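Quick notes on the structure that follows.
Quick note: the coordinates plus some simple rules give every number you see, no bench work behind them. None of these values were measured; they are calculated from a predicted model. Virtual Cβ from ideal backbone geometry, glycine too; neighbours counted across all protein chains shown.
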Ligand SMILES: C[C@](O)(C(=O)O)[C@H](CC(=O)O)C(=O)O
Ligand SMILES: [Mg+2]
């Protein structure tokens, strides 16, 4: 009911403890606040807020158009309805190092457990597209240092993402990751590595928690969780999977409705009213006012 029982500090602590262990953390990206609730309900231990999803949700491409205050507002709506630690994609930090610093404080205030900042230039692009550019290593180091200085809760996770693999090659990407760790990054997101061999090389060279981005239709070979666990990775990320699933289903449904003039054939595939109410904790609100939930729903609806 009202959905959360934990403080942001507790969730940050949980994430830190989880990353200190050996077990892979599987992190699906929420597509909206209630889907974060579903991520928790289905047994996952952390959720992600993707820049690509937040932009797409507003009908925008993932090119750095969204602002830090827009994503902070969405983050707050999400952290209000889940007890899971939530990691957010803070793109390039939305400007200069001073903007990255402000972004860190906004994301702490939004109840998140951590964020990642990347070393792309502005305007940025999806890490799995061609034609990316990265800022000089020193500039990203300034970004990371500004973020570290701005952080107030030492448990708030600051992850640095390097997009350099596609631009400067694997060795340079590893070199950058090490420099970002030296600048204070707690964890590394090596973007768009090709295959197991490259994931392994990163693991051998970089001594902090590592995230593997298993996005669909990208440049990385999709590895299953067992393989990622064996490779010693700490987080398996599925950033846009739920959005793609939902949008695929919504489009099919719209076409079916248009073609058939009724939603009858869709009923077996859609979420029932009772499941939605269960997820919303509808019945629990009777504790405030018994008239809120004094009805029963027919089976199967
Ligand atoms: C992780 C990512 O930054 C995101 O915004 O979700 C994207 C995902 C995608 O576009 O598939 C990225 O990898 O750049
Ligand atoms: Mg992104």
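In nm, to one decimal, how far is the modelled label at residue 41 from the one at residue 196, with both set 7 Å along Cα→Cβ?
Label-label distance for residue 41 and residue 196, simple model: 3.7 nm.
For segment 203-228 and segment 52-108, compute the distance between their C-alpha centroids and round to whole Å.
First find each Cα centre; the distance between them is then 23 Å.
Can you tell me what percent of all Cα-Cα pairs in segment 160-267 are more than 22 Å apart?
Considering segment 160-267, 43 percent of its Cα-Cα pairs are separated by more than 22 Å.
For the chain, take the alpha-carbon Rg, divide it by the Kirkwood Rh, and send me Rg/Rh.
1.00
Which FRET efficiency value, to the nearest 0.05, do you get for residue 7 and residue 138 by plugging their Cβ-Cβ distance into 1/(1 + (r/R0)^6) with R0 = 41 Å?
For R0 = 41 Å, the calculated efficiency reads 0.65.
Quick check on the exposure proxy: order 260, 118 from fewest to most C-beta atoms within 10 angstrom.
260, 118
In Å and from the alpha-carbon atoms only, list the Rg and Dmax of segment 1-88.
When restricted to Cα atoms, segment 1-88 yields Rg and Dmax of 13.3, 39 Å.
When the chain is treated as a GNM, springs tying every alpha-carbon pair under 10 Å, which of 38, 193, 129 comes out with the largest mean-square fluctuation?
129
For segment 123-212, just the Cα atoms, rotate onto the principal axes and tell me the three extents in Å, largest first.
Principal-axis extents of segment 123-212 (Cα, largest first): 36, 30, 19 Å.
Tell me, how many Å apart are the Cα centres for segment 122-154 and for segment 260-293?
43 Å
Against the longest alpha carbon principal axis of the chain, how many degrees, from 0 to 90 and to the nearest 10, is the axis of helix 97-109 turned?
Once rounded, one gets 30 degrees.
Please report, largest first and rounded to whole Å, the three semi-axes of the ellipsoid equivalent to segment 63-206, where each semi-axis is the square root of five times an eigenvalue of the C-alpha gyration tensor.
24, 16, 15
By how many degrees, between 0 and 90 and to the nearest 10, does the Cα long axis of helix 68-79 differ from the longest principal axis of the chain?
Once rounded, one gets 50 degrees.
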